[in-house]
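To keep things clear, I will list the structure first and then write my remarks on it.
The values are calculated or read from the model by the stated rules, or taken from the named source; none is laboratory data. As the structure is a prediction and not an experimental result, all values here were calculated from the model. All Cβ positions, even for glycine, are placed from backbone atoms using ideal geometry, and neighbour counts span all protein chains on display. Remember, those area values only see protein heavy atoms, side chains included, never the ligands or the DNA or RNA. Shrake-Rupley method; radii C 1.70, N 1.55, O 1.52, S 1.80 Å.
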Amino acid sequence: MYSDAVKIVKRGTEWDDSEHKYGMYVLGEDVVVKGIDGTSVGDVWVDDSGSKFMMDRLTREDVAVIKANSTVGYRDEYYDTVLGDPHLRSLSRCVRQINVDSDTGTETMAAVSWVLVHLNYSVGLAGTIDTHMKKGLATRALTSLVIAYREYVSSQWNQIESSKGGSLNLRPYCYVLDSNIASRRLMVDKLGFARVANETFEWMGIR
């Protein structure tokens with residue numbers, strides 16, 4: 001009976017049985033994450049090279065650039081669901097470069113770094129286009145998201161649970177591929193996430 005059920009599920013399941021192992025990382029309540037200039041939505045700043053940026057939230061129009069710079073093949077429908085949810089979209093962050101046309105003075109903006117919150121409230125899909133790496137943009141985006149995440153959980157989820165006599169105690173967390181050194185450095189060294197010991201995860205998706 002159980003073997004038959006497994007076979008049925010397997011036919012519609014995408015199981016990654018490769019060496020792609022993920023660690024789970026959690027940001028402890030005692031870790032202080034301070035906002036800096038450029039971490040609030042709407043903040044504008046200029047870096048040392050003279051490039052101008054603004055902190056924003058992701059929109060459906062950003063999906064193409066995210067997909068072009070990601071190794072994870074999420075379907076368009078998934079992005080529609082995540083960015084269509086008002087709470088999840090409000091937690092997403094996107095650094096946009098502001099470009100000014102020298103002839104007309106018209107400003108245009110392009111997404112150059114981003115991070116979002118998945119349906120399970122894990123933090124993920126942090127990315128930066130190649131030409132803007134090593135500028136601290138991903139750290140700004142993640143810092144902004146984490147501050148918003150904590151505020152949202154404190155004011156919404158945990159408050160509701162407290163009224164019922166308990167606390168959900170949800171904290172920012174993420175899954176990082178063991179071989180993804182850059183993401184581990186971002187989460188651990190820059191923000192203070194800590195890996196959950198003795199736990200390794202693999203992905204399973206349903207078609």
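This table checks each residue for (1) more than 21 Å from Asp62 (Cα to Cα); (2) touching a residue at least 60 places away in the same chain (Cβ under 8 Å); (3) acidic (Asp, Glu).
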position: Ser90; (1), (2), (3): no, yes, no
position: Met109; (1), (2), (3): no, no, no
position: Tyr121; (1), (2), (3): no, no, no
position: Ala126; (1), (2), (3): no, yes, no
position: Asp178; (1), (2), (3): yes, yes, yes
position: Ile181; (1), (2), (3): yes, no, no
position: Met187; (1), (2), (3): yes, yes, no
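Only one residue in Gly105, Gly165, Gly136 is at pLDDT below 95, in contact with an Asp or Glu (Cβ under 9 Å, 6 or more places away or on another chain) and among the small types (Gly, Ala, Ser). Which one?
The match here is Gly136.
Only one of (1) open to solvent by less than 40 Å² (accessible area, probe 1.4 Å); (2) in contact with a Leu (Cβ under 7 Å, 6 or more places away or on another chain); (3) over 25 Å from Val100 (Cβ atoms) fails for Val63. Which number is that?
Of everything listed in (1) open to solvent by less than 40 Å² (accessible area, probe 1.4 Å); (2) in contact with a Leu (Cβ under 7 Å, 6 or more places away or on another chain); (3) over 25 Å from Val100 (Cβ atoms), Val63 misses just condition (2).
Determine, yes or no, whether Gly35 is open to solvent by less than 30 Å² (accessible area, probe 1.4 Å), touching a residue at least 40 places away in the same chain (Cβ under 8 Å), of a type outside the set (A, V, I, L, M, F, W, C) and in contact with a helix residue (DSSP H, G or I) (Cβ under 9 Å, 6 or more places away or on another chain).
No; evaluated as a whole, the condition is false for this residue.
Of everything in region 101-123, what is outside any strand (DSSP E or B) and open to solvent by less than 80 Å² (accessible area, probe 1.4 Å)? Give them in sequence order.
Hits for region 101-123 are Asp101, Gly105, Thr106, His118, Asn120, Tyr121, Ser122.
Could you please let me know if Val153 is at negative phi, buried (at least 23 other Cβ atoms within 10 Å of the Cβ) and either touching a His at 6+ places or on another chain (Cβ under 7 Å) or of a type outside the set (Asp, Glu) (or both)?
No, not satisfied.
Would you mind telling me which numbered condition in (1) within 12 Å of the chain's Cα centre (by Cα); (2) surrounded by 14 or more Cβ atoms within 10 Å (Cβ to Cβ); (3) assigned to a loop (DSSP other than H, G, I, E, B) Tyr74 fails?
Among (1) within 12 Å of the chain's Cα centre (by Cα); (2) surrounded by 14 or more Cβ atoms within 10 Å (Cβ to Cβ); (3) assigned to a loop (DSSP other than H, G, I, E, B), the lone unmet condition for Tyr74 is (1).
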